Amino acid sequence: MSRLSRSTVSVIVSLACIAAMLFIPTGFEGALQFKDAVKCRAKIIEVDNSRFIDTGLIRTGQQVCTVRFLSGRFKGRIAEGWNMLNGSLSQDKIFRPGDTAQALVQWEYFDVKNPKKGSEQIISVNLIDHFRLRGELILALAFSVFLIIFAGATGVRSVLSFILTVLALWKIIVPLYLKGFDPMLTGLLGTAFLTVVIIALVYGFDRRLFSAAGGAMLGIVFCAVLSVICTKTLKLHGAVMAHSESLLYSGFQYLNLTKIFMSSICIGASGSVMDLAVDITSAVNEVVKKCPSISRLEAIKSGLAVARAAMGTMTTTLLLAYSGTCLALLMTFMAQGTPLYNILNNNQVAAEIINTVAGSFGLAATAPFTAFLAGMILAKKSKKHVD
């Protein structure tokens, strides 16, 4: 199979997977709240802030807004919308004239006896949040265009891998978690699927795929084992994940949050693991192409040399990524003069430490695994010459 055909096959397989996942039901479509309400965009015309109650940094009360609907059943109509404040800076929003809001409209027919001939009456308009979908779509399109212009065909495959990952998480992994499937097995199988398909988009279906995917999966499995050991040793509960307790209160008491936390460590580290595996495989492949007579042992040594150089920045990448998520927490500790002893014993800090250390161990394991597989698969077996 030629290089072009291998790449084409990988793209076709990825497109088929994306198309299949688009039509796969999650099983939770019926959980949608306010099914009979109209969801639409609304332009803020006027605001009334007289019902705000300010208590220091805390603001509660209601904001009354005059809005004009931009979409949906009531497009063009003007109504009064309500924005309820709960005193939470992370959840509350303040609207200003000219903003576009996401609105939820409750309505009914005015003539109850003969609804088919009655007029539609708006009961209430709840302003959910600022409308951000258009900006997010523009950002995603700009990112995709940049990738395609800069990297050409490789950029197209990168966009496909991005879409595939989002769909796999939303359509497969998350629903299976909610349905009570074993989180560790689900996470490992999900990352294995993504690893094979994403790396196939890079290399096509050839020997480099087996080298990179094999090394990456060995590293992810090693990370999974460590996540289990570390979580149990440090006695962490999965409720340390943000919003996880809300699941239990929503009728999902059967979920094992601790196992989901362990699985999340593997998923979080899988991207860096794949990156390292592809880097090492590509380097060994270039060495073998330039020197076809190189032995497998020498190819493995070359792969290990590249791995040692890449490891220096990869572990720091994980550290910075996970530290950035808890930066506000670290600032709070410092502002309050919390001793380092107490900081390191905090459950959220311990969770980030496990994320970083287990992920780094996974990277450290991926490097020799991939170097060995690349050397054995890509290099030809050395032959003994008799004079």
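The values are calculated or read from the model by the stated rules, or taken from the named source; none is laboratory data. Computed from a prediction, not measured in an experiment: that's the story for all the values here. Please note: Cβ atoms are built from the backbone with ideal geometry, for glycine as well, and neighbour counts cover all protein chains shown. All accessible areas refer to the heavy atoms of the entire protein, side chains included, with ligands and DNA or RNA removed. Shrake-Rupley method; radii C 1.70, N 1.55, O 1.52, S 1.80 Å.
Just one of the numbered conditions (1) touching a Cys at 6+ places or on another chain (Cβ under 7 Å); (2) of a type in the set (D, E, K, R); (3) under 27 Å from residue 377 (Cβ atoms) is not true of residue 301: (1). The numbered conditions (1) out of contact with any Ser or Thr (no Cβ under 8 Å at 6 or more places or on another chain); (2) in contact (Cβ under 8 Å) with a residue 24 or more places away in the chain; (3) surrounded by fewer than 17 Cβ atoms within 10 Å (Cβ to Cβ); (4) farther than 16 Å from residue 165 by Cβ are all true for residue 251 except (2). Taking the condition open to solvent by less than 10 Å² (accessible area, probe 1.4 Å), touching a residue at least 40 places away in the same chain (Cβ under 8 Å), in a helix (DSSP H, G or I) and not hydrophobic (A, V, I, L, M, F, W, C), does residue 227 pass? So residue 227 fits the description; yes.
One residue stands out among those in segment 204-224 that are open to solvent by 30 Å² or more (accessible area, probe 1.4 Å), in a helix (DSSP H, G or I) and among the hydrophobic types (A, V, I, L, M, F, W, C): the one that is nearest to residue 356 (Cα to Cα), which is 222. Only residues that are modelled with pLDDT of 85 or more and more than 33 Å from the chain's Cα centre (by Cα) were counted across segment 36-60, and they come to 10.
Residue-wise test of (1) assigned to a loop (DSSP other than H, G, I, E, B); (2) in contact with a Lys or Arg (Cβ under 9 Å, 6 or more places away or on another chain); (3) of a type outside the set (Asp, Glu); (4) open to solvent by less than 40 Å² (accessible area, probe 1.4 Å).
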residue: 247; (1), (2), (3), (4): no, no, yes, no
residue: 255; (1), (2), (3), (4): yes, no, yes, yes
residue: 272; (1), (2), (3), (4): no, no, yes, yes
residue: 298; (1), (2), (3), (4): no, no, no, no
residue: 301; (1), (2), (3), (4): no, no, yes, no
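Taking the listed residues 141, 188, the one that is open to solvent by 40 Å² or more (accessible area, probe 1.4 Å), within 19 Å of residue 272 (Cβ to Cβ) and either under 20 Å from the mean Cα position of the chain (by Cα) or not hydrophobic (A, V, I, L, M, F, W, C) (or both) is 188, with no other qualifying.
All conditions but one from (1) free of Cβ contacts under 8 Å to residues at least 12 places away in the same chain; (2) among the small types (Gly, Ala, Ser); (3) buried (at least 18 other Cβ atoms within 10 Å of the Cβ) apply to residue 264; the one that does not is (1).
Results for (1) within 30 Å of residue 67 (Cβ to Cβ); (2) in a strand (DSSP E or B); (3) aliphatic (A, V, I, L, M), shown as yes or no for each residue.
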site: 103; (1), (2), (3): yes, yes, yes
site: 129; (1), (2), (3): yes, yes, no
site: 140; (1), (2), (3): yes, no, yes
site: 166; (1), (2), (3): no, no, yes
site: 169; (1), (2), (3): no, no, yes
site: 198; (1), (2), (3): no, no, yes
site: 202; (1), (2), (3): no, no, yes
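On the basis of being within 19 Å of residue 373 (Cβ to Cβ), out of contact with any helix residue (DSSP H, G or I) (no Cβ under 8 Å at 6 or more places or on another chain) and in a helix (DSSP H, G or I), does residue 328 make the cut? Judged against the criteria, residue 328 is not a match. Scoring residue 178 on the criteria (1) over 22 Å from residue 28 (Cβ atoms); (2) touching a residue at least 12 places away in the same chain (Cβ under 8 Å); (3) hydrophobic (A, V, I, L, M, F, W, C) leaves a single failure, condition (1). Name the single residue that is least open to solvent (accessible area, probe 1.4 Å) among those in segment 303-337 being modelled with pLDDT under 90 and over 21 Å from residue 366 (Cβ atoms). Among residues in segment 303-337 that are modelled with pLDDT under 90 and over 21 Å from residue 366 (Cβ atoms), the one least open to solvent (accessible area, probe 1.4 Å) is 326. Of all residues in segment 72-84, none are over 30 Å from residue 109 (Cβ atoms), at pLDDT 90 or above, of a type outside the set (Asp, Glu) and touching a Leu at 6+ places or on another chain (Cβ under 6 Å).
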